[in-house]
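What follows is a short report on a single structure.
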Amino acid sequence: MESSLMEELGFNEGAWRFGSFVLILATMVILEALMPRRARRHSRIRRWVTNFGILLSSYATIAIVMLVLTTLAAPITALLAAIYAKQWGVGVFNWLGWPIWLEWVLAFIILDFVIWGQHWATHKIPVLWRLHRVHHSDHDLDASSAIRFHPLEIVLSIFIKAAAVIIIGAPAVLVVIFEGVVNGTALFNHANLKLPLWLDRVVRPFLVTPDMHRVHHSIEEGETNSNYGFALSIWDRIFGTYIDQPALGHDKMIIGLKEHQNDGPQQFVWSMIFPFRNIKTSDKKPIEAKSQSDQ
Ligand SMILES: [Zn+2]
């Protein structure tokens, strides 16, 4: 499969994807060390073991799903979907024959809107929130939070992206670039990074910055349900879900889920079974006990 992909694209997509991931992750880790935004609540090593464990279990799950579905010849990754759509002659762009630059620009904007919409839906539909709250349960934010998605949510997003690519008829190379940009911006906007304020202001009208996305990881529900963007920051302004800064400020705001301020989210097994736990029987006690003793 890799050799036919190389023929289609003219480069090794797997190597490009892995290389850019490692490069951007390493860059963010170095920048986080040089200019950290917030003091950490937990040691890096514990959270990283858990967050990378979740990433590896996602790969294992994808491998199993691929194995099952490739026997049915289903184009389940976004890139394969683009190649199949072209071969089959399906998808809007494959019918219209517009200039390639216009296809690239429109496909990028539409795909970014699709993942914004998917993210919005994971906050609004209870069964999807069960999966997505694994990502939100992290008590600190850094580049490793960008890989902390439950394997079932990763598989779901692969299907949604592949469906969008087929409907659009998005060009294969653009899909590779889009995925690279979205993965890169996710590593960037989850980073515990203190960007100079002027730079945040310059970038934020177009791209989601760390300070903009951090608001989304607040334990305050109103703030959690805002700033859904990953790459382009325009959708939250258009749909009225944009919040400029956290009410308590970036240093005082609490990150995570209000009812899960216990040690669970730092543990791999807890994180993996979290979607299947009853929301009502969650770990409310620590934070309630704390707020009562404060009064
Ligand atoms: Zn979210």
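The values are calculated or read from the model by the stated rules, or taken from the named source; none is laboratory data. Given the structure is predicted, the values throughout are model-derived calculations rather than measurements. Here the Cβ positions follow ideal geometry from the backbone for every residue, glycine too, while neighbour counts run over all protein chains shown. Areas reflect the complete protein model, heavy atoms only, side chains present, ligands, DNA and RNA absent. Shrake-Rupley method; radii C 1.70, N 1.55, O 1.52, S 1.80 Å.
Helical runs (DSSP H, four residues minimum) scored at -39500 (n - 2.57) apiece and divided by the length of the chain put the mean residue ellipticity at 222 nm at -20000 deg cm²/dmol.
For I125, what charge total do you get from the other residues with a beta carbon under 13 Å from its beta carbon, if Lys and Arg give +1 and Asp and Glu give -1?
Surrounding charge for I125 is +2.
Measuring with a 1.4 angstrom probe and ignoring ligands and nucleic acids, T122 comes out at about 0 Å² accessible. The fraction of accessible area contributed by carbon and sulfur in the chain is 70 percent, rounded to a whole number (1.4 Å probe; ligands and nucleic acids excluded). Less than 5 angstrom separates the built amide H of L207 from those of S233, all sequence-distant by 5 or more or on a different chain.
The peptide list 158-166, 190-198, put in order of mean Cβ contacts within 10 Å with the highest first, becomes 158-166, 190-198. Residues R46, R38 ordered from highest to lowest accessible area at a 1.4 Å probe: R46, R38. Within the shell defined by Cβ-Cβ distances under 14 Å, the residues around R44 carry a net charge of +2, with Lys and Arg each +1 and Asp and Glu each -1. Helix 78-88 versus the longest principal axis of the chain: what angle, 0 to 90°, nearest 10, using Cα atoms? Result, in degrees: 20.
Surface exposure of the chain, expressed per residue as accessible area with a 1.4 Å probe, stands at 49 Å².
Rounded to the nearest 10 degrees, the inclination of helix 151-168 to the longest alpha-carbon principal axis of the chain is 40 degrees. Against the chain, whose longest principal axis is taken from its Cα atoms, helix 126-136 shows a tilt of about 70°.
Exceedance of the 26 Å cut-off in Cα-Cα distance is limited, within the set K161/K194; K86/K124; K124/K161, to K161/K194; K86/K124.
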